[in-house]
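Report on one structure; see the data block that follows.
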Amino acid sequence: MLRATLKGLLAHKLRMAMSAFAIVLGVAFVSGTFVFTDTLNASFTDLFRQTAPDVTVQPTQTNAAPGGGTDGGTRVLTARVVADLAALPGVERADGGVTDQDTFVVGTQGKVIGGGGSAGVARNYTTGPATDGSPILTITQGGPPAGRGQLLLDEKTATTAGYTLGDTVKLVTAGAHPEVTGTLVGTVRVGPTGNLAGATLVLMDTPTAQQVYLGAAETFNMVSVTGDGSLTNQQLRAAVSAALPAGFEALDDEQIAAENQHQIQDALAFISTFLLVFAAVALIVGSFLILNTFSIIVAQRTRELALLRALGAARRQVTRSVLIEALAVGLLGSTLGLLLGFALALGLTALFGVIGVDLTGAALVFQPGTAVAAYAVGVPVTLLAAYLPARRAATVPPVAAIRDDVSIPESSMHRRLLGGGLLTAAGAGLMVWALAFDGGLQPLGGGVLAVFIGIALLAPVIGRPIVTAIAGPYRRLFGTVGILARENTRRNPRRTAATASALMIGLALVTTTAVLGASSKSSVEKMVSTDLKADYVVSNAVGSPFSAAIAPRLAAVPGVQSAVPSRFAVATVNGQQEPVAAFDPAAYSQIAAITVQSGDLATGGDGLLVTGSRADTQGWTVGDIVTVDLPAGARDLPITGIIAPNTLIRADIVVPPAVLDAGGVTPMDTAVYINRTPGADPAAVAAGIDSALTDLPTVTVKDQDAFAQEQRAAIDPLLAIIYALLGLAVIIAVLGIVNTLALSVIERTREVGLLRAVGMSRRQLRSMIRLESVAIAVLGAVLGIGLGLTFGISLQHAMAGQGIDQLTIPGGQLIMFLVLAGLVGVLAAVIPARRAARMDVLRAITAD
């Protein structure tokens, strides 16, 4: 049996390759995601190890900053504390540090270098070593900064920006000094490789860094401690910790690496999940292709399998024979997918390079777990998809098979109807519960998955009348050929449904994405037209906060009535970390529509506002006390007002800016909203604002139309990526149609010969197969678009509180999807139809 199985595999290489293709794509997503994230983790881990001293002193309760990196707040250490640390037993040296994560270099062409998610690091220059004794910084040109106004840049930033030694370098910061200039006196390489993963590095002399970022001499916001070798790093950390003032902590090199690693993993979590979801989609669609393939293969081999049974093969052996074929397909697909995953990882690396995370020179990291995951995903999926056809092969009686009188038991269809109906009903109930009782996205997702599976099981039943309707015009338009195409499609509802289900899944997800994308854009239009009352919005082009000194500058522009800044910080609210918005509610209400549900907007300088949805979830009312934990410590703030959720605010908690200032949060704005003085010339005011921002290329001004366009434009790249990835699932589904038709032609060889013998032309035969393919593809499109509409509408309702509060159905896109499905059917039939038309009539008639 084993030899017969292997010979059968070798005799049908193309069939096996087409079955394996779906698994290849799914496994490639899984392995590529793991290889990429492992490479990114290793690159950053190496960077941290190359730049970490033995012990690092930093502010405690360091929260993630809204613009990336971390924000230790405004707490500082004095030079006396640094000197005391240097005098501790076991300490060789202690270097006071000044560091900032939001300083960007402006190149000679006026363009900002970096940004878009990568940090713009600025530090004071020190010569402290890494924990392994190697130099953290190596000067490659020039020398160290010897006085005020002298700067060093990392090699890549200097080259990209176009600066050479002696040039005047322009910097943009988020601190009290928005524009900083200095003379380039040298370039440095960080660690042995110099790879900063897309970040930029600026080094200043210590007095200049203290003046620019801390506003005070002889103060530091971190300390690098180097041991003399008499203590382990853990012992050194304990000694340093005992000597620190309140509000600061000491971390050894391993803790720093672990902390940074955790931040990277959190940043990559969405990307990894995003890619793995599409891997799951590709595998599910591939499962339908494999299920269909093995079902047809088993149907074609019934006589062969029956002869094996007649010669003594047991049912278990027949089942095992089919599963061995599936195992071979799974192993082949998983191996090719694992190799293709490296190419996908390279593509992701290049993509991240475009958005600012440069991994040039980083070798791809292959962990054993990646291979385990690849085979653990690909092989079981293939075996499960082949199990049902294998069981059916074993249950067909030998005599019935030899007579070629095999049919699917009706009880099987009854079980599918019952199981599919129960799953669909349960999934629909879960979706309704999640939407009606605000159960969240997780139960809604579970309901969507259950409905997906339920409809796939019901497809042979509900698909038959839909196919009848789709192919209804065939008789009038194509005559006898149309009738034959319709009946061939209806004859095996299980096969037709399995083929259409693969396309159904892909188009359901595409339709869901289209609904959410259109709804998101409509929500942006509504936000700008109803929520935003400001004439202009000033924000940072690189996605980071900017200096709080800019808002007063804008307020002084002639014709500006008000310039209202808005800030964000990450705080711990009643034990849960979340974003917190900060602005003057009275002034903000003049540039945005704020609906007060209870209480009022007057916070009194130490109160807070909360959205109604958050208040309902927590059971809060006006007057309740909420604990807000900021870098300088926790504060109990009373709720003074409950407001309706507002897309423009983008947070459930609002505090006065004074609360963030008192909490030790670095004052940085994320946006400034500007209103013109009534009667002021709009062109003159806009020109005045542009003039005030001339030296700040990272900060841009937009009117309402430009602001809306910017918000919409941010949606399009994400939709393009989703469509591209879902396109792979659609490609797999198209291959499924091609595979099904090709195998169906082989299965119907004698039928095709008889049709040709009684007078059907080759052209008519090709038309018949083409019409079958179109019916299958349109069936999948109808089911997919229907499900996608249901899921898209449900998700929009579930996400209404997160800013997508307008439902828009993109009717034109849905019609286009349906038309494209018909074209897919035409294209998918080209090869099978050509093969059928080329059959020798006499050989076809005598085929077994």
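The values are calculated or read from the model by the stated rules, or taken from the named source; none is laboratory data. It should be emphasised that the depicted structure is a prediction, and the values quoted were computed from it without experimental measurement. No Cβ is skipped: glycine too gets one built from the backbone with ideal geometry, and neighbour counts run over all protein chains shown. Heads up: the accessible areas ignore ligands, DNA and RNA and are worked out on the full protein's heavy atoms, side chains in. Shrake-Rupley method; radii C 1.70, N 1.55, O 1.52, S 1.80 Å.
Would you please name the residue that is farthest from the chain's Cα centre (by Cα), looking only at residues in the stretch 144-182 that are open to solvent by 20 Å² or more (accessible area, probe 1.4 Å) and acidic (Asp, Glu)?
Per the stated criteria, the residue is Asp167.
Looking at (1) assigned to a helix (DSSP H, G or I); (2) over 30 Å from the mean Cα position of the chain (by Cα), find the lone condition where Arg712 falls short.
(2)
Any residue in the stretch 448-469 that is surrounded by fewer than 18 Cβ atoms within 10 Å (Cβ to Cβ), among the small types (Gly, Ala, Ser) and assigned to a loop (DSSP other than H, G, I, E, B)?
no
Working only within the stretch 303-342, note down all residues that are open to solvent by 30 Å² or more (accessible area, probe 1.4 Å), at pLDDT below 75, assigned to a helix (DSSP H, G or I) and of a type outside the set (Lys, Arg).
Glu304, Leu307, Leu308, Ala310, listed by residue number.
Looking only at the stretch 470-483, how many residues end up being more than 46 Å from the chain's Cα centre (by Cα) and either among the aliphatic types (A, V, I, L, M) or open to solvent by 40 Å² or more (accessible area, probe 1.4 Å) (or both)?
Final tally of qualifying residues: 7.
Kindly indicate whether any position in the stretch 674-688 is in contact with a Phe, Trp or Tyr (Cβ under 6 Å, 6 or more places away or on another chain) and at pLDDT 90 or above.
yes
Looking at the stretch 124-154, which of the residues that are assigned to a strand (DSSP E or B) and in contact with a helix residue (DSSP H, G or I) (Cβ under 7 Å, 6 or more places away or on another chain) is farthest from Leu201 (Cα to Cα)?
For the stretch 124-154, the residue satisfying everything is Thr140.
Looking only at the stretch 133-143, count every residue that is closer than 29 Å to Val91 by Cβ and surrounded by 14 or more Cβ atoms within 10 Å (Cβ to Cβ) and tell me the total.
5
Could you tell me whether the stretch 798-814 includes any residue that is on the phi > 0 side of the Ramachandran plot and either open to solvent by 30 Å² or more (accessible area, probe 1.4 Å) or not in a helix (DSSP H, G or I) (or both)?
yes
Inside the stretch 579-604, can you point out the residues that are at pLDDT below 85 and not polar (S, T, N, Q)?
Ala602, Gly604
For the stretch 498-547, which residues satisfy the criterion of being assigned to a helix (DSSP H, G or I) and acidic (Asp, Glu)?
If the condition is that a residue be assigned to a helix (DSSP H, G or I) and acidic (Asp, Glu), then Glu525, Asp531 are the ones that fit.
Suppose we keep only residues that are out of contact with any helix residue (DSSP H, G or I) (no Cβ under 7 Å at 6 or more places or on another chain) and surrounded by fewer than 23 Cβ atoms within 10 Å (Cβ to Cβ) within the stretch 519-534. Which one would you say is nearest to Asp716 (Cα to Cα)?
Ser522
Test of understanding: among Ile769, Ile732, Ile722, which residue is open to solvent by 20 Å² or more (accessible area, probe 1.4 Å) and either over 37 Å from the mean Cα position of the chain (by Cα) or not polar (S, T, N, Q) (or both)?
Step by step, each of Ile769, Ile732, Ile722 is checked, and only Ile722 is open to solvent by 20 Å² or more (accessible area, probe 1.4 Å) and either over 37 Å from the mean Cα position of the chain (by Cα) or not polar (S, T, N, Q) (or both).
State which residue is most open to solvent (accessible area, probe 1.4 Å) when the search covers only the stretch 591-600 and only residues that are under 17 Å from Arg650 (Cα atoms) and not in a strand (DSSP E or B).
Thr595
Any idea which of Pro565, Pro579, Pro552 is touching an Asp or Glu at 6+ places or on another chain (Cβ under 6 Å) and either among the charged types (D, E, K, R) or closer than 29 Å to Gly120 by Cα (or both)?
Matching residue, one of Pro565, Pro579, Pro552: Pro565.
Quick one: in the stretch 540-585, of everything that is over 24 Å from the mean Cα position of the chain (by Cα) and among the hydroxyl-bearing types (Ser, Thr, Tyr), which residue is surrounded by the fewest Cβ atoms within 10 Å (Cβ to Cβ)?
Thr572
Any chance you could count how many residues in the stretch 190-212 are open to solvent by 20 Å² or more (accessible area, probe 1.4 Å) and either more than 39 Å from the chain's Cα centre (by Cα) or modelled with pLDDT of 90 or more (or both)?
Final tally of qualifying residues: 3.
Just name the residue that is nearest to Val699 (Cα to Cα) out of those in the stretch 586-595 that are of a type in the set (Gly, Ala, Ser) and within 32 Å of the chain's Cα centre (by Cα).
Across the stretch 586-595, the extreme among qualifying residues is Ala592.
With Val223, Val185 as the choices, which residue is in contact (Cβ under 8 Å) with a residue 40 or more places away in the chain and open to solvent by less than 30 Å² (accessible area, probe 1.4 Å)?
Answer to the check: Val223.
Could you tell me whether any residue of the stretch 758-766 is modelled with pLDDT under 90, within 30 Å of Leu532 (Cα to Cα), among the hydrophobic types (A, V, I, L, M, F, W, C) and in a helix (DSSP H, G or I)?
No, because not a single residue in the stretch 758-766 is modelled with pLDDT under 90, within 30 Å of Leu532 (Cα to Cα), among the hydrophobic types (A, V, I, L, M, F, W, C) and in a helix (DSSP H, G or I).
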